[in-house]
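The values are calculated or read from the model by the stated rules, or taken from the named source; none is laboratory data. No experiment lies behind these values; they were computed from the predicted model shown. Note: ideal-geometry Cβ built from the backbone for every residue, glycine included; neighbour counts use all protein chains shown. Accessible surface is based on the protein model in full, side chains and every heavy atom, while ligands, DNA and RNA are left aside. Shrake-Rupley method; radii C 1.70, N 1.55, O 1.52, S 1.80 Å.
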Amino acid sequence: MKVLVTGGAGFIGSNFIHFLLAARPRWSVVNYDKLSYAGNLANLASVMKHPRHTFVRGDVCDAVAVSAAMRGCAAVVHFAAESHVDRSIYEPAPVVHTNLTGTFHLLQAARELKVDRFLHVSTDEVYGDLEPSGTAAEDSPLRPSSPYSASKAGSDLLVLSFVRTYALPALITRSSNNYGPYQFPEKFLPLMITNALAGEALPIYGDGRQQRNWLHVEDNCRGILAVLEDGRPGSVYNIGGHDVEDNLAMARRILRLLDKPDALLRHVADRPGHDRRYALDSSKLRTETGWSPQIPLDEGLERTVAWYREHPGWLAQVLDGSYKIYYAKYYENRDAALSAFAGAPERKE
Ligand code: NAD
Ligand code: DAU
């Protein structure tokens, strides 16, 4: 079987390609990726010459190129997106364009080419803020808070409209916060690890008590494959980790693993519209496919920290000039940069 994977040069997409090539020896992958700032062929170094992996550089917003890349593929796994919440707040236009228009072009091509399965990779952020002990199931209301999560919720609805109107055999996964190798260091855990390795301050937004439902990327990849093979077309599946932990506790774990002092923790201005809590109910996926997360948080964090330590070349390459400009603007001059967003309403309990 030939599978089109979009966004395969990013964090989860590249992990999925490594996983799939090993797990399904008769499948081949067409990897379609624009190579945005977050896309990195170094994530795929060991498979760039693999006989079952073909890389195609292209934009999901280019309808003709999308259709050409999809031709002959039986299935599509759609990861490509602008994935960073903070960037979506600072500059929403590319996020809305890629996540909505790009998904639309893929759906159109999938419909015309009559693919057997279309798996859209979405996020727990579409459910928005949860109550202190609440969890979100697949039928919970969609209450996105950021331009990023709103664009993902919108793309989910487009997918479901193609199921209903055109009988497209599409499925949606909504996973919680992934962590693991090859994650771009703008995201919380790799940012904490890279700063701690460099002996620099760890910026904690607000009080640091926001909770996230941590999931090792390998557990997400296994969940996505389970849905691709065994999910019911038209269905949505949550993929959540065992652990719901707050940001401060996660940062402290990283400091302990690297033998660094808590004095490196630095509370900084909060993210506008910051969701306090995400937590998924994944019982549907467990019941229907037998999936469950296999990697405990302690072990996953230890492996992840070790991976970043052992890959200084990869890190040096991604912490390039454009990352440094981004970091200086939103971290070293954070108060000035965020003053433009002052006045976001507080969360309503
Ligand atoms: P990422 O930012 O690391 O990778 C995104 C990839 O998409 C990059 O390789 C980039 O080059 C590519 N891309 C961006 N715009 C494109 C375009 N217009 N055309 C073609 N390619 C384009 O993201 P990630 O963390 O790997 O997330 C992958 C998917 O999983 C996204 O859809 C995201 O919404 C979803 N997701 C992520 C998480 C998480 O914790 N990282 C959790 C839930 C869902
Ligand atoms: O929940 C799934 C989502 O997880 C995915 O859909 C997104 O693509 C992915 O980026 C991630 O979004 P988050 O906003 O949860 O992840 P991020 O790594 O940006 O932040 C995690 C938490 O850490 C969040 O509460 C904000 C906080 N944070 C983040 C950064 C970058 C900090 O306190 N300091 C930071 O410097």
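Under 8 Å by Cβ, and 6 or more places apart or on different chains, what pairs join a residue from segment 271-283 that is in contact (Cβ under 8 Å) with a residue 24 or more places away in the chain and among the basic types (Lys, Arg) with one that is crowded, with 18+ Cβ neighbours inside 10 Å and assigned to a loop (DSSP other than H, G, I, E, B)?
276/129; 276/130; 276/210; 277/129; 277/130; 277/210
Based on what the data block shows, is residue 136 within 25 Å of residue 221 (Cα to Cα) and touching a Leu at 6+ places or on another chain (Cβ under 8 Å)?
Values: within 25 Å of residue 221 (Cα to Cα): yes; touching a Leu at 6+ places or on another chain (Cβ under 8 Å): yes.
Yes: the conditions hold for residue 136.
Quick one: would you say residue 307 is surrounded by 16 or more Cβ atoms within 10 Å (Cβ to Cβ), farther than 27 Å from residue 238 by Cβ and among the hydrophobic types (A, V, I, L, M, F, W, C)?
Details: surrounded by 16 or more Cβ atoms within 10 Å (Cβ to Cβ): yes; farther than 27 Å from residue 238 by Cβ: no; among the hydrophobic types (A, V, I, L, M, F, W, C): yes.
Here the answer is no, as residue 307 does not meet what is asked.
Of all residues in segment 95-128 being in a helix (DSSP H, G or I) and aliphatic (A, V, I, L, M), which is surrounded by the most Cβ atoms within 10 Å (Cβ to Cβ)?
Start the filter on segment 95-128 by keeping residues that are in a helix (DSSP H, G or I), which leaves 95-112, 124-127.
This time we only want the ones that are aliphatic (A, V, I, L, M), so: 95-96, 100, 106-107, 109-110, 126.
Values: 95: 25, 96: 16, 100: 17, 106: 31, 107: 24, 109: 24, 110: 28, 126: 25.
Once the filter is applied, the top-ranked residue is 106.
Out of the residues in segment 63-83 meeting the condition of being open to solvent by 10 Å² or more (accessible area, probe 1.4 Å) and under 16 Å from the mean Cα position of the chain (by Cα), tell me which one is farthest from ligand 2 (Cβ to nearest atom).
80
Any idea which of 244, 217, 236, 227 is under 17 Å from residue 280 (Cα atoms) and open to solvent by 40 Å² or more (accessible area, probe 1.4 Å)?
Details: 217 fails: open to solvent by 40 Å² or more (accessible area, probe 1.4 Å); 236 fails: open to solvent by 40 Å² or more (accessible area, probe 1.4 Å); 227 fails: open to solvent by 40 Å² or more (accessible area, probe 1.4 Å).
After applying the criteria, what remains is 244.
Which residues, taken from segment 162-190, are within 9 Å of ligand 1 (Cβ to nearest atom), surrounded by 22 or more Cβ atoms within 10 Å (Cβ to Cβ) and over 15 Å from residue 15 (Cα atoms)?
173, 174, 176
Out of all the residues in segment 140-161, which are buried (at least 24 other Cβ atoms within 10 Å of the Cβ), under 16 Å from the mean Cα position of the chain (by Cα) and of a type outside the set (Gly, Ala, Ser)?
Answer for segment 140-161, where residues must be buried (at least 24 other Cβ atoms within 10 Å of the Cβ), under 16 Å from the mean Cα position of the chain (by Cα) and of a type outside the set (Gly, Ala, Ser): 148, 152.
Tell me yes or no: at least one residue of segment 61-82 is touching a Cys at 6+ places or on another chain (Cβ under 6 Å) and hydroxyl-bearing (Ser, Thr, Tyr). Break it down stepwise before answering.
So the first thing to find is which residues in segment 61-82 are touching a Cys at 6+ places or on another chain (Cβ under 6 Å), and the list is none.
No, segment 61-82 has no match at all.
Those residues that are within 17 Å of residue 267 (Cβ to Cβ) and without any contact (Cβ under 8 Å) to a residue 40 or more places away in the chain, I need them from segment 310-335; list them, please.
Taking segment 310-335 first, the residues within 17 Å of residue 267 (Cβ to Cβ) are 330-335.
Result: 332, 333.
How about segment 286-304: which of its residues are surrounded by 12 or more Cβ atoms within 10 Å (Cβ to Cβ) and in contact with a helix residue (DSSP H, G or I) (Cβ under 9 Å, 6 or more places away or on another chain)?
Of the residues in segment 286-304, the ones surrounded by 12 or more Cβ atoms within 10 Å (Cβ to Cβ) are 286, 288-289, 291-297, 300-304.
Answer for segment 286-304, where residues must be surrounded by 12 or more Cβ atoms within 10 Å (Cβ to Cβ) and in contact with a helix residue (DSSP H, G or I) (Cβ under 9 Å, 6 or more places away or on another chain): 288, 289, 291, 292, 293, 294, 295, 297, 300, 301, 302, 304.
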